[in-house]
Amino acid sequence: MSAVEANFDGLVGPTHNYSGLSFGNVASARSQATPSSPKQAALQGLAKMKALSDIGMVQGVLAPQERPDIATLRRLGFTGSDQSVLAAAAKQAPKVLAACCSASSMWTANAATVSPSADTKDGKVHFTPANLINKFHRSIEHEVTGRILKATFADDNHFVHHPALPSIEHFGDEGAANHTRFCLTYDQQGVEFFVFGRYAFDSRYPEPKKFPARHTFEACEAVARLHQLENDKVVIAQQNPDVIDQGVFHNDVIAVGNRNVLFCHEQAFLNQQAVYDELDLKLSGEMRIIEVPTKSVSIEDAVTSYLFNSQLITMPNGDNVLILPEECRNNPRVWAYLDQLLANKQGIDDIKIFDLKQSMANGGGPACLRLRVALKQDELAAVNPNTMMSDVLYKQLCQWVEHHYRDQLAEADLADPSLLVESRTALDELTQILHIGSVYPFQR
Ligand code: SUG
């Protein structure tokens, strides 16, 4: 095969916790103030990465961010030693401190939008980190994300790195969580599908009423321009505002695609049939849609089970497999639907279930945890080899987690100065394991 779709999963950072930071993400609100287990979270993520690598998928790892983010706290006026900054933030602005401690960079589907070289005019792979401007705790990710991506995809003969879009709601960009690439084979030019929640410069269109639409139409257009995509190979669709109001804060909570298959809920998009038609036209009549009706799976079931936040992967033997969270098995209606889906042989051949409870409790399923990068063989050869999953790296990272991560973390622990020391020690060692250089502010 001359090109593959690699998955780069975010390694969960040592401060993983539940602070209820994401208004509109029902799991985040529900888990607020419950204790987390950073160790379990990281090991659950690593187990998924290893399992995908073991079945022959190309799997990479993206490092987490430096948290607590002392540099941001200093920008917000906290001064003195790092310990004083932490103590003052905990006392005066505990919610700001929590935001500066979030391990949310683990959800690398939000790290960036990636366009493979077969789609871009200059024949290079393009990356634009997402500005994630709708949530403060996520808006502070993109600079370091950009550095981590550059350290992972360093060769400028193959890879182009753009800065994030302007940090303003008009260009709210949530990255690959709202972007899917359809194609026949990974090395052929594909159709890039961008999904947004609202128009920033046009008030004629509907918007959600209760929860925010994080991603704008204007951001989709800007990324398509930056990535030098051809207009007749781009489809931009609006998410159904009613489902955003029911907790579908990203398109990957209601739809997933791979190659020429789109697996989605019947209420995912505005003007859904027109969206299907445009995709099919632009993919030369080759699109295959698997649409799930509300009568089988309600929006509430989709949001609680994360059926659509699955990874739809093509195995080396050609089988299409859904990588699902355990919550799908625990929901009788979703489980019955999956049974029927496999029996009907509609294009999905198998399912695999993973325990990702720690991430799920913050609204992050299998698909949130990974950034897809379709790579031709010479591009794959140019990726930093130390970030690629292997038996050795898996063992090394599990030992690293066991050694540095806490079993339990509560919101009150975020102010503990030893957590800062533990995190920095762990991350410093990680940059050496992954050979990504000094990407963190504390290393500079
Ligand atoms: O941005 N949760 C993340 C979940 C991101 C899921 N990603 C995709 N769907 N691709 C978010 O809402 C919760 C953090 C907290 O509340 O502590 C959080 O940021």
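Below is a table of values for the structure above.
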{"quantity": "Qualifying residue in the range 134-144 (condition: more than 20 Å from residue 14 (Cβ to Cβ) and touching a helix residue (DSSP H, G or I) at 6+ places or on another chain (Cβ under 6 Å))", "calculated": "yes"}
{"quantity": "Residues that are within 14 Å of the ligand (Cβ to nearest atom), on the phi < 0 side of the Ramachandran plot and more than 14 Å from the chain's Cα centre (by Cα), drawn from the range 234-253", "calculated": "239, 243, 244, 248"}
{"quantity": "Selection within the range 1-27 - surrounded by fewer than 22 Cβ atoms within 10 Å (Cβ to Cβ), out of contact with any Pro (no Cβ under 8 Å at 6 or more places or on another chain), at negative phi and not aliphatic (A, V, I, L, M)", "calculated": "2, 5"}
{"quantity": "Those residues of the range 31-59 which are of a type outside the set (A, V, I, L, M, F, W, C), farther than 19 Å from residue 428 by Cα and more than 10 Å from the ligand (Cβ to nearest atom), in sequence order", "calculated": "34, 35, 37, 40, 44, 45, 48, 50, 53, 54, 56, 59"}
{"quantity": "Lone unmet requirement of (1) away from the ligand (no atom under 16 Å from the Cβ); (2) modelled with pLDDT of 95 or more for residue 14", "calculated": "(1)"}
{"quantity": "Residue in the range 311-320 that is among the aliphatic types (A, V, I, L, M) and closer than 19 Å to residue 177 by Cβ present", "calculated": "yes"}
{"quantity": "Within the range 325-440, helices (runs of 4 or more DSSP H) holding 3 or more residues that are without any contact (Cβ under 8 Å) to a residue 60 or more places away in the chain", "calculated": "332-344, 391-404, 417-434"}
{"quantity": "Looking only at the range 290-307, and only at residues there that are hydrophobic (A, V, I, L, M, F, W, C) and within 23 Å of the chain's Cα centre (by Cα), the one that is nearest to residue 26 (Cα to Cα)", "calculated": "303"}
{"quantity": "Helices (runs of 4 or more DSSP H) enclosed by the range 61-171 - at least 1 residues per element that are among the acidic types (Asp, Glu), under 19 Å from residue 441 (Cβ atoms) and away from the ligand (no atom under 16 Å from the Cβ)", "calculated": "82-92, 142-152"}
{"quantity": "Near pairs, Cβ below 9 angstrom, 6+ apart or cross-chain, from the range 284-301 (free of Cβ contacts under 8 Å to residues at least 12 places away in the same chain) to any residue that is in a loop (DSSP other than H, G, I, E, B)", "calculated": "284/184"}
{"quantity": "The range 219-266, residues that are of a type in the set (D, E, K, R), under 29 Å from residue 57 (Cβ atoms) and touching a helix residue (DSSP H, G or I) at 6+ places or on another chain (Cβ under 8 Å)", "calculated": "233, 252"}
{"quantity": "The range 254-292 - residue that is closer than 24 Å to residue 186 by Cβ, among the polar types (S, T, N, Q) and not in a strand (DSSP E or B) and, of those, farthest from the ligand (Cβ to nearest atom)", "calculated": "284"}
{"quantity": "Residue match in the range 196-203 (condition: within 15 Å of the ligand (Cβ to nearest atom), of a type outside the set (Val, Ile, Thr) and under 20 Å from the mean Cα position of the chain (by Cα))", "calculated": "yes"}
{"quantity": "Any hit, the range 21-28, residues being within 9 Å of the ligand (Cβ to nearest atom) and either part of a helix (DSSP H, G or I) or free of Cβ contacts under 8 Å to residues at least 24 places away in the same chain (or both)", "calculated": "yes"}
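The values are calculated or read from the model by the stated rules, or taken from the named source; none is laboratory data. As the structure is a prediction and not an experimental result, all values here were calculated from the model. Because the Cβ atoms are built from the backbone with ideal geometry, glycine has one as well, and the counts that use them run over all protein chains shown.
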